[in-house]
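A short reminder: the numbers here are calculations on the coordinates, not readings from a lab. Keep in mind it's a predicted model, so treat the numbers as computed, not measured. Cβ atoms come from the backbone with ideal geometry, glycine included; neighbour counts cover every protein chain shown.
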Amino acid sequence: MVRYISGGESHGSRLVCILEGLPAGVKVSSEFVNAELKRRQSGYGRGGRMKIESDRVNFISGIRFGETIGSPITLSVENRDWQNWADKMSPEGKISGEKVTNARPGHADLIGAAKFARSDVRDILERSSARETTMRVAAGALCKIFLKNCGVNISGEVLSVGGVCGDKIKDRIDEAKSLGDTVGGVFEIKISGVPAGLGSHIQWDRRLDAKFAAAFMSIQAIKAVELGDGFLNAKKLGSEVHDEIFISDGKIFRKTNRAGGFEGGMTNGEPLIIRAAMKPIPTLMKPLQTVDIATKIATTASKERSDTCAIWAACVVGEAMAAIVTADAFVDKFGGDALCDTLANLKNYRARLAEDFGL
């Protein structure tokens with residue numbers, strides 16, 4: 001099993017994560033991880049925080065001389081902005097700084113404060129912030145490297161922003177910014193080189209399409225996920241939807257991929273296509289109406305430094321989550337505590353599919 005767990009607050013001293021399950025023998029590079037982290041910070045419409053932070057990973061454990069050794073991999077990224085928040089976010093000492101009590105609609109603020117019995121919304125917003133995705137991207141970058149060895153490539157593309165496409169996107173973002181507002185969008189992730197048969201139809205929690213859906217829905221501000229032409233297919237007849245199966249020279253193939261590479265909870269050998277819809281960020285420079293949780297008086301939402309649009313960052317995070325889920329599926333299917341064993345099992349499996357089924 002490939003899994004990760006992260007820790008850290010948006011304005012804490014650092015973010016950390018532990019990635020477990022990658023086989024030994026994978027050659028990794030901090031340069032690649034840092035390049036992925038830089039991609040997460042880019043994109044039109046990003047805010048002032050990106051001018052402060054320049055994320056760089058620090059390998060703490062699980063990697064020796066540029067190669068995984070099979071033990072848990074510990075990663076950290078320092079928050080440069082910590083120097084401005086050390087007193088307000090100190091793990092010990094006296095309380096410093098004003099409490100945040102104006103909960104933002106659309107954020108975890110109100111419900112989080114109620115659930116955890118906190119009088120200061122900052123105790124919630126610091127962790128629920130999308131800054132947390134920094135470590136998803138770091139972990140995902142290592143999974144991408146592993147998957148490259150398996151012949152798998154993952155790419156992402158922003159399809160639309162605020163309901164518009166192409167050259168109109170920047171104008172849509174500029175318009176929202178001028179109004180003190182925000183916009184969301186839709187991105188698509190494509191995973192190529194994945195063999196048929198990953199995942200399973202046997203139990204609900206082994207269906208790989210469900211795992212992808214859960215992973216993408218876990219990304220902050222993502223409100224809808226579709227596999228292949230999911231929503232479009234719901235409007236069509238079955239004869240217009242299902243990807244017919246053909247054979248030529250003993251090889252089975254499809255002419256379409258409306259299913260997005262999934263059938264019965266398993267991969268079918270076609271590229272995996274996952275799309276996600278991101279809502280507009282809930283921190284607005286022209287705040288919405290809310291209630292002060294301390295006084296119970298109507299007021300306007302608090303303002304935190306934020307972005308007008310973060311869809312490109314979300315797309316990079318989507319790639320990372322796709323890499324983590326795919327890497328887990330490969331380790332589950334092909335095992336191997338060492339990369340050489342994983343690749344040998346994968347080679348044998350691909351050969352069997354080709355010989356017995358033409359896949």
| Between LEU288 and LEU232, what length comes free when the chain is fully extended (0.36 nm per residue of separation minus the Cα-Cα distance, one decimal in nm)? | 16.8 nm
| note | Simple SL model, points at 7 angstrom along Cα→Cβ for ARG350 and GLU31; separation in nm is 2.6
| request: May I ask for the longest run of the chain untouched by GluC sites (Glu not before Pro) that are loop-located per DSSP and have at most 12 neighbouring C-beta atoms (other than their own) within 10 Å? | output: 99-243
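Take the residue pairs LYS88/LYS170; LYS211/LYS279; LYS38/LYS148 and return only those whose Cα atoms are more than 24 Å apart.
Beyond 24 Å between Cα atoms: LYS88/LYS170.
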| request: Just need the Rg to Rh number for the stretch 3-141, please, alpha carbons only, Kirkwood Rh. | output: 1.02
| Whole-angstrom Cα spans of the chain along principal axes, big to small | 72, 52, 38
| task | Kindly state, to the nearest 0.05, the FRET efficiency for HIS201 paired with ASP249, given R0 = 25 Å and r defined as their beta-carbon distance. | result | 0.30
| task | Would you please state which residues of the stretch 3-21 a label at ASP87 would reach in this model, taking the label point 7 Å out along Cα→Cβ and a backbone N cut-off of under 18 Å? | result | 11-13
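Counting helices only, and only those DSSP H runs with n ≥ 4, report the 222 nm mean residue ellipticity of the chain as the sum of -39,500 (n - 2.57) divided by its residues, in deg cm²/dmol to the nearest 500.
-10000 deg cm²/dmol
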| Relative to the present Cα-Cα distance, how much length would full extension add between GLU67 and MET1 at 0.36 nm per residue of separation? | 21.9 nm
| said: What does the extension gain come out to for CYS340 and SER42, with contour length at 0.36 nm per residue minus their alpha carbon separation? | reply: 103.7 nm
| note | As a Kirkwood estimate from alpha-carbon pairs, the stretch 141-293 has a hydrodynamic radius in angstrom of 18.0
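Would you mind giving the three semi-axes, in whole Å and largest first, of the ellipsoid equivalent to the stretch 134-197 according to its Cα gyration tensor?
Taking √(5λ) for each eigenvalue gives 33, 15, 8 Å, largest first.
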| query | Size of the stretch 298-359 along its principal axes in angstrom, Cα-based, largest extent first? | reply | 67, 28, 21
| query | Any idea what the relative contact order of the stretch 3-357 is, in percent, if you count C-alpha pairs under 8 Å spaced at least 6 apart? | reply | 24
